[in-house]
Every structure is written in structure tokens, then in C-alpha cells.
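K.L.:
Quick one: this structure, given as C-alpha cells, is what I'll be asking you about.
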Amino acid sequence: MVSRRGFLKGGGLALFGVGLIGGIPGFIAEAAAREKITRLYKKKKILVCIFQRGAMDGLMAVSPFTDTYFQAARPSLFMQHDALTDLDGRFGLHPALAPFLPVFQDKRLAIVHGIGSPNNTRSHFDAQDYMESGTPFDKGTPSGWLNRAVGLLGHDGLTPFSAVSLTSAMPRCLYGDNPALAIGNLQDFAIQMRGNPAATNLAAKSFEDLYDQTAAGLLKSTGQESFEAMKMLQKTDTRNYKPSGNAVYPNSALGNSLKQIAQLIKMDVGLEIAFTECSGWDTHFGQGTTQGVFARSATDLASAIMAFWTDLDAFQDDVTVMTMTEFGRTVHQNGTGGTDHGRASCNFILGNDVEGGMVHGDVKPLAQENLEDGRDLQVTTDFRSVFSNVADAHLSIAGDSVLFPGWTGDKAKVMQIFS
């Protein structure tokens, strides 16, 4: 028996992919023609998560520019007040992140500083695994927190596009029993079938055989919705998509994936959780200030997110965007003009129901006695308190014991509707 998840990752992924290049296969087209589609997708709230892999330097992204200890710790990386955008008299936004300023001033962008994991590992792999599983002291958790969020939504089986990752492989946070898709590129969706014998065999069978095989899977319970979503993708010219509001996405992996997420949102295929990622945040050397490795990555992040936000236009009320990164960087710069693996960082939350226009969190003066292990920004906000607040308030889900097993902390208050 093919499980729903197995079908989506194998045969199901191939099935929907075939319809994007070269037309819909005959057996599916005939079945779709026989189906009378009566259900229209209702407008849903959508959470878009962006993982900044490599550990972003939150102290450079949002700098405590009045802190003399910080200035002394970074003789060549410290940025003076006039190089930053003053947010509140204490924190300044890196110039590469300046596109965020209008939505921050409009109270639609919140920043949480001092956020991180209670597990003090400085291993990229382990820290990412803990953050994506949502269980920072248990490596054996089989599911990811976003996959568990899909289950808490209570819409299992309504659409194969409830949770979509615009990545070449399924991210850890979407592992689990609830349906999820990983799509590297909408235009090349069919390529996912190549080299997958199981998927090829499924696609080669008659529709009736395929339908019977998946009795406990996607098609039997959701044939109408699946066909409708497939037809929407097949009919849409994703390659020649024109963003709204003259939005210009950067020609980068992040820009391209956010542009495709915007397309899925506008196609109304039932998307509720979207995921993507960007790299380049592991700034051990040549970090730079207004120019350099960090500035390039920050420029891409801010320009991609703001192009996405502009493109959403009338859909903005339905969408919240949240960034995350596995940990931060050391307070002191190293000997090669960079920073090493640290502890706390910051994240950005954008949406019309966000408590924006402020820097949330507790960041103490960066004197030696206030640093974790004498070197790092302390983690004063558990990532789970923020993630649960955003997911619960925006997606209207409840069940923190399921979303983050073993966690009993208080939720942050970064949303206008406190969960």
C-alpha cells in the first residue's frame, strides 16, 4: 500500500509533474474530464518560512550601535550609526536590509533579537536539525514542526498543495506523515519523475489501477481537488509569469523560489504552508560591512522578500513571512575579518497581523559578563516561543504539545492576535 506521503514523494510528485510539460497524460485527462469539480478552494491563511542556512550574524543585521562593548569587540566590523538605519535609538538596520524599512515603519515587520535554540550546539547540521524538528534535545524525532502544523490544520487530503517546499529536496521541517511536496522548479516539475522507477511504473498504469493502488492515499480521497489543482498548474504559464506592482525579483535561488510561491498563492490551489531557503550566511572570513559576503546575502534576502510582498498585492492580508537561522555569530570578530559560530541571532516576521515596528526580545549590553560562554549573544528567546505564536495566531491552530513536543514555555507576543 502506498502511503499518502510516499505517493506524494514518489508517484504523486511524478503524476502532477507530467502534466506540466507536454500536456496531461491521456488516462489522467480522461479521468479529469469525467470528474465534475464542485468544490472551489476557499481563501486560506498562508505561512511562508525562509531558512537562512549558515547562521546569520544577527548583530550585524540589526546592530546595537550604541553599545561600546560591541564596538570594542569588532574593531573593523562595527558599523557606525550613520551607516545604519536607526530603528529605535538603540538598534540599527544594516544598509543592505534597507528595503525592510517601509514595512517596519508601517508596523508590518517585527524583529525578534536574541532568538535561538536552548541547545548550545554550534554544529550547523545539528542546529538545523533541531530547529526544523522543533525538538532541540531529541535527534530521534521523525517529523518536522511544519509537517505537524499541516496535521493540526485539519485539512488533510483537501489538496496536495497544502504544504509546498520550493527546494530540490524535502526539508527536514516537512518530514512526516502529513502531505507535503518538494518542487525544485514549477517549470521543470516533470523532471522529478526521471530516474524514479516506482514513479514511472505508477504513471504507466491505467488510471483505474493507480486509483485502486492508492486507496489510503491521495487520489482516492481527494480525486476532485487533485485534478482541479493539477489543471490549474497545467493551464498556468509559469514561465512567463508577470509579477504585480512592478515587483522585480532578484535573479537568485531565493528570488526565484519566492516568485513561484507567489504564483501558487495566486493560483489558489489550497497552499497553507510554504518553505524555501537561502545560503551564504556562514561568514567566517571577509564578512565586510557595507560591502562583502554579508551585504550580498542581506541584499538578496531583503530584495527577494520585498519583491514577494509587493507582488502579493491583494493577498497580503492572508500571508505571513517568517525567517529563521540555526544560530548567530560570535560577538568578537576573528582574525580573518569574519565571525565564528555563536548562539543567538535575530529573525524577521512580516505580515499585516504582526506586532511590527519594534525590536522584540531582550538583548543585554555586550559586556563580557553578559555573554554566553564569555563569547556569544545570549539566547533569551526560545525559537519555539516565536514559531508557535506565529503559527497559532496566523494559521489559527492550537496544540503546542503536538507542534513542539516537550516544550512548556510561554509564547512570544509578536502577533496582534495573541495565541
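K.L.:
Which ³J(HN,Hα) values in Hz, rounded to whole numbers, follow from the phi angles of segment 137-142 under the Karplus curve 6.51 cos²θ - 1.76 cosθ + 1.60, where θ = phi - 60° and Gly and Pro get x?
P.N.:
Taking θ as phi minus 60°, the curve returns 10, 9, 7, x, 5, x Hz for segment 137-142.
K.L.:
Roughly how far apart, in whole Å, are the Cα centres of segment 49-106 and segment 264-305?
P.N.:
16 Å
K.L.:
Residues with amide H under 5 Å of residue 46's amide H, sequence separation 5 or more or different chain, H placed in the peptide plane at 1.01 Å from N; which?
P.N.:
Residues meeting the criterion, in which the H sits 1.01 Å from N, are 319, 320.
K.L.:
Step through the residues of segment 276-282 one at a time and calculate ³J(HN,Hα) from phi using the Karplus curve (6.51 cos²θ - 1.76 cosθ + 1.60, θ = phi - 60°), rounding each to whole Hz and writing x for Gly and Pro.
P.N.:
Running phi through 6.51 cos²θ - 1.76 cosθ + 1.60 with θ = phi - 60° gives 7, 8, 9, 10, x, 9, 8 Hz.
K.L.:
Note down the nm distance, to one decimal, between modelled labels 7 Å out along Cα→Cβ at residue 126 and at residue 177.
P.N.:
So the label points at residue 126 and residue 177 sit 3.0 nm apart.
K.L.:
I would also like to ask the following. What's the local net charge at residue 259, with K and R +1, D and E -1, over the other residues with C-beta under 14 Å away?
P.N.:
Net charge around residue 259: -1.
K.L.:
Oh, and also: For the ranges 371-379, 251-259, what's the packing order if you count other beta-carbon atoms within 10 Å of each residue, average per peptide, and put the highest first?
P.N.:
Packing proxy ranking, top to bottom: 251-259, 371-379.
K.L.:
Still on this structure, please answer the following. Set the bar at 27 Å for Cα to Cα. Now go through 139/259; 266/411; 45/242; 364/411; 44/411 and name every pair that lies beyond it.
P.N.:
Numbers: 139/259 33 Å; 266/411 31 Å; 45/242 23 Å; 364/411 21 Å; 44/411 23 Å.
In this structure, 139/259; 266/411 exceed 27 Å between Cα atoms.
K.L.:
Ok, one more. Output ³J(HN,Hα) for segment 349-356: one whole-Hz value per residue in order, computed from phi by the Karplus curve 6.51 cos²θ - 1.76 cosθ + 1.60 with θ = phi - 60°, and x for Gly and Pro.
P.N.:
For segment 349-356, the Karplus curve yields 10, 10, x, 7, 10, 9, 7, x Hz.
K.L.:
Beta carbons within 10 angstrom, averaged per residue: use that to sort the peptides 353-365, 90-102, highest first.
P.N.:
Details: 353-365: 17.9, 90-102: 19.8.
Top to bottom by mean Cβ count within 10 Å: 90-102, 353-365.
K.L.:
With each label point set 7 Å from Cα along the Cα-Cβ vector, what nm distance links residue 72 and residue 380?
P.N.:
The modelled label-to-label distance comes out at 2.0 nm.
K.L.:
Along Cα→Cβ, 7 Å out, is where each label goes; now give me the distance between the ones at residue 410 and residue 313 in nm to one decimal.
P.N.:
The answer from the label model is 4.3 nm.
K.L.:
Between residue 370 and residue 106, what is 0.36 nm times their sequence separation minus the Cα-Cα distance? Round to one decimal in nm.
P.N.:
91.8 nm
K.L.:
Around residue 326, which amide H atoms from residues at least 5 apart in sequence, or from another chain, sit under 5 Å from its own amide H, with H modelled in the peptide plane?
P.N.:
Long-range HN contacts for residue 326: 54, 55, 56.
Here, each number is a calculation from the coordinates, and none is a lab measurement. What you see is a predicted model; the values in this text were computed from it and never measured. Neighbour counts run over all protein chains shown; Cβ positions are idealised from the backbone, glycine included.
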